[in-house]
1. Before anything else, pin down the relative contact order of the chain: Cα pairs under 8 Å, at least 6 apart, normalised by residue count, whole percent.
2. Assign unit charges at the C-beta atoms only (+1 for Lys and Arg, -1 for Asp and Glu), then state the dipole size of region 10-142 relative to its Cα centre in Debye, rounded to the nearest 20.
3. With a/c under 1.5 counting as rounded, go ahead and sort region 101-211 into rounded, prolate or oblate using the C-alpha gyration tensor (a ≥ b ≥ c being the square roots of the eigenvalues; past the cut-off, prolate if a/b is larger than b/c, else oblate).
4. So, taking all protein chains as they sit and a 1.4 Å probe, how much accessible area belongs to T19, in Å² rounded to tens?
5. Determine the principal axes of the Cα atoms in region 97-165, then give the extent along each, sorted from largest to smallest and rounded to whole angstroms.
6. Residue by residue through region 62-69, what is 3J(HN,Hα) from phi via Karplus (6.51 cos²θ - 1.76 cosθ + 1.60, θ = phi - 60°)? Round to whole Hz and write x for glycine and proline.
7. So what is log10(I(q)/I(0)) for the chain at q = 0.11, 0.13 1/Å, when the Debye sum runs over its Cα atoms only?
8. In the full protein assembly as shown, how much of L97 is accessible to a 1.4 Å probe, in Å² to the nearest 10?
Amino acid sequence: MLQLNAQACSYSSAMIQQTIKGVIFDLDGTLVSSDLDFQLIKAQVGCSPEQDLLDFIAQLPSPYMRQEAMNIVHQHEMLDAQNAQLLPGVADSIKRLEQMQIPMAIVTRNFGRAAKLKLEQCNLPISLILTRDDAPAKPNPSALLHIAKQWQFSTPHCMYVGDYLYDIQAAHNAKMRSCLYAPNDMPHYASQAHHILRHFQELPELVKAFA
């Protein structure tokens with residue numbers, strides 16, 4: 001069942017009345033599987049469990065330390081990419097959105113090589129992808145804003161679909177619709193999303209409902 005979050009929409013009812021003209025996706029946990037163990041990665045680079053990994057690395061005091069820490073992250077990401085699989089309902093939903101002539105893109109916190117490998121491994125037919133090599137990482141909205149500009153859409157006509165808090169925050173920061181993909185347990189931050197997907201194959205109907 002499609003869900004519209006009244007709590008999240010209360011401050012942006014005008015935006016919710018806008019049509020959905022383009023859809024941007026997160027990658028890991030949204031389109032493809034991921035087994036990245038962030039607690040292990042953080043332990044290996046010396047990052048505390050509650051701190052954002054990329055922020056921690058960016059604040060390390062020397063270029064050498066930053067590069068060594070990032071090399072560890074890259075190793076984990078590349079290994080994860082080799083085992084990535086398309087998540088249930090994704091292939092059919094993307095095909096239906098293509099038939100509806102809805103442009104699609106991906107914004108991920110992955111680095112470029114790992115993201116490209118995941119697309120190839122899973123045969124994802126989405127060519128427009130921005131990684132942390134291309135723009136500041138989410139929840140910074142720069143990548144989302146860049147895509148909206150490239151499509152020549154105002155941001156309320158775009159929706160960002162992801163499975164984590166940063167995805168919701170990035171969408172809000174870009175003044176886009178936020179759509180949380182939550183196939184299992186409902187996270188505590190779900191109330192912040194404009195839309196909630198419990199099953200990925202519901203996505204085309206959500207877009208169609210606001211076409």
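1. Numbers: 335 pairs, mean separation 64.3, N = 211.
Worked out over the chain, it gives 30 percent.
2. Details: 11 positive and 15 negative charges, 75 e Å.
Taking the Cα centre of region 10-142 as origin, the dipole is about 360 debye.
3. Numbers: a/c = 1.28, a/b = 1.21, b/c = 1.05.
Here region 101-211 falls in the rounded category.
4. Number for this one is 50 Å².
5. Principal extents (largest minus smallest coordinate, Cα): 30, 30, 22 Å.
6. Result, rounded to whole Hz: 9, x, 4, 5, 5, 5, 4, 5.
7. Each listed q maps to, in turn, -0.51, -0.71.
8. 0
The values are calculated or read from the model by the stated rules, or taken from the named source; none is laboratory data. These numbers come from a predicted model, not from an experiment. Note: ideal-geometry Cβ built from the backbone for every residue, glycine included; neighbour counts use all protein chains shown. We work out accessible area using only protein heavy atoms, side chains counted, and drop any ligands, DNA or RNA first. Shrake-Rupley method; radii C 1.70, N 1.55, O 1.52, S 1.80 Å.
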